[in-house]
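Notes to accompany the following structure.
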Amino acid sequence: PLQCIYSDKLLRGTFLATVAMARIARRSLRLQDLPLFSLRNPWHEATDGHGKLPLNLFEPRYVELARRAEKGSRRQFGYTDVSQRCKHGQGMLVEAGELRWLSPEGPVQLVASGTRRFRILSLRSEKVQEDAPPLSLANVQLLADRDLARLPANRTSSLQSDSPLRTILGQVYVQAGGWGFASYHFEEEDGAYISYESGLSKTFPPLDDGSQVPAKKFFEDAEYDEKSRTFRGRITWNPTWQGATSWEYEMVFSSDLAAIVGGTVRWNMHGQGTEKESRFGVDLYYTRMSSGVESTESAVREALLESGLAPSAIAALATSSAILPSAKRSTMQQRKQIQHALRAAAKESNSEAFRLAAINVLAKLSSPPFFLEAAEAALHDILLCN
């Protein structure tokens, strides 16, 4: 009995020590009075194609932000989109490169790079100049991949779905270029691949021997852990691509499997003994692709308006050969409509405005959330012809 009591106390003490160490570790990942810079767009939409954000700071509050960042060893500050600049909001910890002061009072130019994501614990404002907006300062908790994996990427997903997604198998994850633009396809665990089938993938550089990037590149040693929602695999390049012999993947998915929120891609470089690293959620942003067309015609019209088409052009499309697809029609009817739009776009006797309108319809409907594979294929055919 005495031995059991001693063992129980030892286990209890070990548990409490572990909890205490975890709390200390988390507190070490907190930053106090981090100055915040905000734009309307989230980080992945605000940056250029290389994960960089060039800034020209001229507002008094942001000139003060640059001064404070310059005093630190890493020139750090926080980025949030406007909607997330609040308690419990999320943002990106960024590091500024060299600061270029155009005058002692600003403007100041810099290029920001994302490093880690954070959650805002508390927020306050500090006035830096009369009759000017204040500078926002936040106490933040830096987030690890395991923290992000516990959260849904889509906050309304639990309310919109009666049968939440349980696995990534059968799903496709895309970046801004859409399906076939280095998209990840998880048809089977041992059949997962990266797709370069879209015409947009021709913007990628060729392999190092001058040949084209293959349409599909399959993962090797692929495995998916459902408990941690983590996928691991390797892509081998022979011939090499951009100096890399292989890419080692670790993808961490959100709790609702709506996005890849953590993990890395490590580039093994040929003959250099060095690695490059890209991070999901910081340098790479992938979300699960939704299939199908929105069920209402008004939603399709709204999407076309957002794509830049004039209302008059959309009205003309509704009564012309390039009519709007409808989810109420059968798949065969939808395919006929897409083929009709393809012919309208390819027919040289049609006006240029009409042909461009038909192309815009196909482009919009080949992308999420109005994804139709036939529309993407039709658009690809047009790009090849032109």
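The values are calculated or read from the model by the stated rules, or taken from the named source; none is laboratory data. Just so it is clear, the structure is predicted and the values come from calculations on it, not from any experiment. Note that we place each Cβ from the backbone using ideal geometry, even for glycine, and neighbour counts take in every protein chain shown. Only protein heavy atoms, including side chains, enter the accessible area calculation; ligands, DNA and RNA are left aside. Shrake-Rupley method; radii C 1.70, N 1.55, O 1.52, S 1.80 Å.
For the range 229-252, the set of residues classified as assigned to a loop (DSSP other than H, G, I, E, B) and closer than 19 Å to Asp208 by Cα consists of Gln242, Gly243, listed by residue number.
Residues in the range 218-228 that are in a strand (DSSP E or B) and open to solvent by 40 Å² or more (accessible area, probe 1.4 Å): Phe218, Glu220, Asp221, Glu223, Asp225. When restricted to residues that are in contact with a Lys or Arg (Cβ under 7 Å, 6 or more places away or on another chain) and over 9 Å from Tyr193 (Cβ atoms), the range 211-221 contains 2. The test for being polar (S, T, N, Q) and part of a strand (DSSP E or B) does not hold for Ser255.
Within the range 43-67, residues that are at positive phi sit with their Cβ atoms under 7 Å from residues that are of a type in the set (Ser, Thr, Tyr) and open to solvent by less than 50 Å² (accessible area, probe 1.4 Å), at 6+ positions apart or across chains, in these pairs: Gly51/Ser113.
Can you confirm whether the range 199-214 contains a residue that is within 22 Å of the chain's Cα centre (by Cα) and assigned to a strand (DSSP E or B)? No - not one qualifying residue is present in the range 199-214.
Listed here are the residues, each with its yes/no results for (1) over 15 Å from Leu137 (Cβ atoms); (2) among the aromatic types (Phe, Trp, Tyr).
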position	(1), (2)
Gly49	yes, no
Leu65	no, no
Tyr79	no, yes
Ala96	yes, no
